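A short worksheet on the structure shown next.
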Amino acid sequence: MKTALALGSFDGVHIAHRKVLDLPCDHKKTAVTFLEPPKMFFEGKSELITTYSDKVEILKGLGFDEIVSLDFERVKNTEPQDFLNYLFEKYNPAVISCGFNYRFGKNGMGDVHLLKNFCGEKGIECKICDEVKSDGVSVSSSLIRSLLKNGEIEKANTLLARPFSFTGEIIKGDGRGRTMGFPTVNQKYPQELVNVKFGVYKTTVQIDGECYDAVTNIGLRPTFKSDCCLSETYIKNFTGDLYGKNVRVFLNSFLRSEKKFASKEELMKQIKKDIEN
């Protein structure tokens, strides 16, 4: 069977990635990606926009039949020509698609020129996608990470073509929100994801397929100190026990930065304002 291959890390599966992923449906659509972007292997830290499982789910939603996840540690010393030969022999591609700056093989020595020549020799259609710009700036995963860190969530969401989101198990908190009249559900913010700007967000929470308006604080709770990054969400018009459930939180807009309050009463006033906003 002939395949249509899309090559890339695809962290975030943003609007520029989607140009690469736009492949003909008359072949088996296969994405060749990584468990984690090579950049993060070299930097020694994880700042993903999407978890691996979310990336797979999005790619399947875009019509991909197969997602091949390479372990960069195992393939980083592969010669570029050997990598291309592997793709040809393993997947029998009719089409290979990638971005204009795609690099592959040992020390990133393989580039789109080598790929074009290879495809020409093998009779494979080669699709090299030009850069996509937004407000004059090239759209990339690095740009979106920067926007998320700066609290520019709406701009990041536009480039992602969906709201930035994460899932996590609801854990027991200290019950303080309930005593203040604003019960919250608590989650540990996923360690592998890029840290969004700490503060309060207008959010949407998905519970058992139903969506609810919500307000979420993400950070270290400077008023009542936490030793890890927490997500605390007040869900409007919801009652019920969620302990142990995995809940998805979508960030829609940034309301304010995290700050330390002088008293519990001052914090209560601000939470009320956040909910009204």
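The values are calculated or read from the model by the stated rules, or taken from the named source; none is laboratory data. Fair warning: this is a prediction, and the values are worked out from it, not measured in the lab. Here the Cβ is made from the backbone with ideal geometry for all residues, glycine too, and neighbour counts use every protein chain on show. Areas reflect the complete protein model, heavy atoms only, side chains present, ligands, DNA and RNA absent. Shrake-Rupley method; radii C 1.70, N 1.55, O 1.52, S 1.80 Å.
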Tally time: how many residues in the stretch 17-49 are open to solvent by 10 Å² or more (accessible area, probe 1.4 Å), under 28 Å from Gly168 (Cβ atoms) and either outside any helix (DSSP H, G or I) or small (Gly, Ala, Ser) (or both)? 9
Just to be sure I understand the filter: pairs with C-beta atoms under 7 Å, separated by 6 or more residues or on different chains, first member in the stretch 66-92 and hydroxyl-bearing (Ser, Thr, Tyr), second member outside any strand (DSSP E or B). Which pairs pass? Ser69/Leu35; Thr78/Gly105; Thr78/Lys106
Would you be able to tell me the number of residues in the stretch 50-83 that are closer than 30 Å to Val247 by Cβ, open to solvent by 80 Å² or more (accessible area, probe 1.4 Å) and not in a helix (DSSP H, G or I)? 1
Top-ranked residue of the stretch 1-16 - restricted to ones that are among the aliphatic types (A, V, I, L, M) and surrounded by fewer than 17 Cβ atoms within 10 Å (Cβ to Cβ), ranked as nearest to the chain's Cα centre (by Cα): Ile15
In this structure, does Lys127 turn out to be assigned to a strand (DSSP E or B), surrounded by 14 or more Cβ atoms within 10 Å (Cβ to Cβ) and basic (Lys, Arg)? yes
From the list Lys122, Lys188, Lys172, which residue is open to solvent by 40 Å² or more (accessible area, probe 1.4 Å), over 18 Å from Asp11 (Cα atoms), among the charged types (D, E, K, R) and in contact (Cβ under 8 Å) with a residue 60 or more places away in the chain? Lys172
Matching residues in the stretch 12-55 - criterion: being at positive phi and in contact (Cβ under 8 Å) with a residue 24 or more places away in the chain: Gly12, Val13
